[in-house]
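Step one of this worksheet: look at the structure below.
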Amino acid sequence: AAAAEAAAAAEREAFGASAMRERLARQRVELQSERRRAEAEIEAAAEARLAEARQDARLARQEACAAREEGERLEAAARAEAARCRAAEAARDACQGERAAAAA
């Protein structure tokens with residue numbers, strides 16, 4: 001009787017250990033699946049941030065190019081205005097020279 005009880009207890013213990021191993025194996029699979037999902041989410045978020053940073057850099061380059069072109073356009077306009085002023089001064093000087101010659 002005692003041997004039968006001990007055998008039954010050992011069987012229950014073995015069954016309990018087996019059930020615990022199965023439960024731990026399921027938990028391990030669930031945790032691995034959760035880890036893979038979390039890694040995929042992190043990777044997707046990093047990819048999105050990278051794409052956003054690339055777009056920001058592209059826009060910054062476009063803005064810098066537009067600003068440079070605007071600066072060049074303004075410099076050209078300033079040079080043209082300076083040339084017009086010099087031409088007007090030269091014309092005035094020529095007129096004064098003609099008047100002085102006519103008066104003499």
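The values are calculated or read from the model by the stated rules, or taken from the named source; none is laboratory data. Note that the structure is a prediction, hence the values are computed from the model and not measured. A quick note on method: Cβ atoms are made from the backbone with ideal geometry, for glycine too, and the neighbour counts reach across all protein chains shown. These area figures cover heavy atoms from the full protein model, side chains too; ligands, DNA and RNA do not enter into them. Shrake-Rupley method; radii C 1.70, N 1.55, O 1.52, S 1.80 Å.
Here are the numbers for the structure shown:
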read-out: Potential extension, Ala44-Ala78 segment - 0.36 nm per residue separation minus Cα distance; value: 7.2 nm
read-out: Of Val29, Ala91, Gly16, farthest towards positive along the dipole that unit charges on Lys, Arg, Asp, Glu beta carbons give the chain; value: Ala91
read-out: Within the accessible area of the stretch 53-104 (1.4 Å probe), percent carbon and sulfur; value: 56
read-out: Kirkwood Rh, Cα atoms: Rg over Rh of the stretch 1-90; value: 1.84
read-out: Backbone HN-Hα couplings from phi across the stretch 88-101 [Karplus 6.51/-1.76/1.60, Hz, Gly and Pro as x]; value: 5, 5, 5, 5, 4, 4, 5, 4, 5, x, 5, 5, 5, 5
read-out: Cα centre as origin, Lys/Arg/Asp/Glu Cβ charges: the stretch 6-104 dipole, Debye; value: 160
read-out: Per residue accessible area in Å² of the chain, where ligands, DNA and RNA are left out and the probe is 1.4 Å; value: 86
